[in-house]
Amino acid sequence: MIWPGTSDPYKRKKTFKFLAITAGIGIVAVMFTLLVVNPFIAGQPRSACINDIDTNWKIQFTVEIIVDNLKVPIPANVGITDECQRAIYTLSDDGTVYAEWTEDPEFEIGHFMWIFKIPLKDMDQTKSSIYVNDKESPHFSHHPLQDGLHYKIVLTSKDYDSSKDKDFLPELKTSD
C-alpha cells in the first residue's frame, strides 16, 4: 500500500521531516509540563502538601454550603489523603475548616471551594452569593479567608428549577 506523501522520494523525505519535527515539539511540550509546570503548581499553597512543612501561619473558620436551597454536608478530612495533607483542610464534619502555611498566602474562600471540588462552572453565578458573617461579600469567591469568620456559600445550579420551591395550589380550606 502506498501512503500519501511517501511515493515520491522528495515528498517522503519532507513528510518524515515534518513528522519528526512534530514529534520533537510534542516531546518538548510534555517534558516542559513535567519538569517546569507541575513542580510550580505543586509549590503553590492551594496545591501543596504540608506534611513536611513547618507552618507558622494558622487560621480556622467555619463554612456552610447551600446548593439549590439544600444544605451540603462538609465531611471530615477534606483536603487530607493518605499521601498528602493540603494547606486547607477539615478534621471533622462540623463545618470547621483549618488553613495553614509558612506565611500568610492570602487564601480566598475560592481556594477552599477548589479543594472541596465545588463545580462552579455548573453554577449560575448571577444567582449565587457568598456571605461572610451574614453580610454578602462583593468579592464572591475571591473573599480573603480570615481567622474566626463564618462563610456561607449559597449556590444555584444552572439547571435548577426554582418553580419546584413554590406551591401554586390554592390553600386548602377546612370546614369547621
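The values are calculated or read from the model by the stated rules, or taken from the named source; none is laboratory data. Keep in mind that this is a model prediction, so the values were computed, not measured. Here the Cβ is made from the backbone with ideal geometry for all residues, glycine too, and neighbour counts use every protein chain on show.
Residues in the range 119-176 that are at pLDDT 90 or above and among the charged types (D, E, K, R): Asp134, Lys135, Glu136, Asp147, Lys152.
When restricted to residues that are in a loop (DSSP other than H, G, I, E, B) and not β-branched (Val, Ile, Thr), the range 104-137 contains 14. Take the conditions (1) part of a loop (DSSP other than H, G, I, E, B); (2) farther than 27 Å from Ser128 by Cβ; Ala76 misses just one of them, which is (2).
Residues in the range 39-47 include none that are crowded, with 17+ Cβ neighbours inside 10 Å and modelled with pLDDT of 85 or more. The requirement of being exposed (fewer than 11 other Cβ atoms within 10 Å of the Cβ), in a loop (DSSP other than H, G, I, E, B), at pLDDT below 85 and in contact with a strand residue (DSSP E or B) (Cβ under 8 Å, 6 or more places away or on another chain) is fulfilled somewhere in the range 51-58, by at least one residue. Residues that are in a loop (DSSP other than H, G, I, E, B), on the phi < 0 side of the Ramachandran plot and modelled with pLDDT of 85 or more are absent from the range 18-30.
Are any of the residues in the range 138-148 assigned to a strand (DSSP E or B) and surrounded by fewer than 16 Cβ atoms within 10 Å (Cβ to Cβ)? The answer is yes; a qualifying residue exists.
When the residues of the range 80-107 are filtered to those that are free of Cβ contacts under 8 Å to residues at least 60 places away in the same chain and in contact with a Lys or Arg (Cβ under 9 Å, 6 or more places away or on another chain), which remaining residue is farthest from Trp57 (Cα to Cα)?
Top of the filtered list is Ile80.
Between Ile115, Ile65, Ile74, the distinction of being at pLDDT 90 or above, out of contact with any helix residue (DSSP H, G or I) (no Cβ under 8 Å at 6 or more places or on another chain), within 24 Å of Asn51 (Cα to Cα) and surrounded by 17 or more Cβ atoms within 10 Å (Cβ to Cβ) belongs to Ile74 only.
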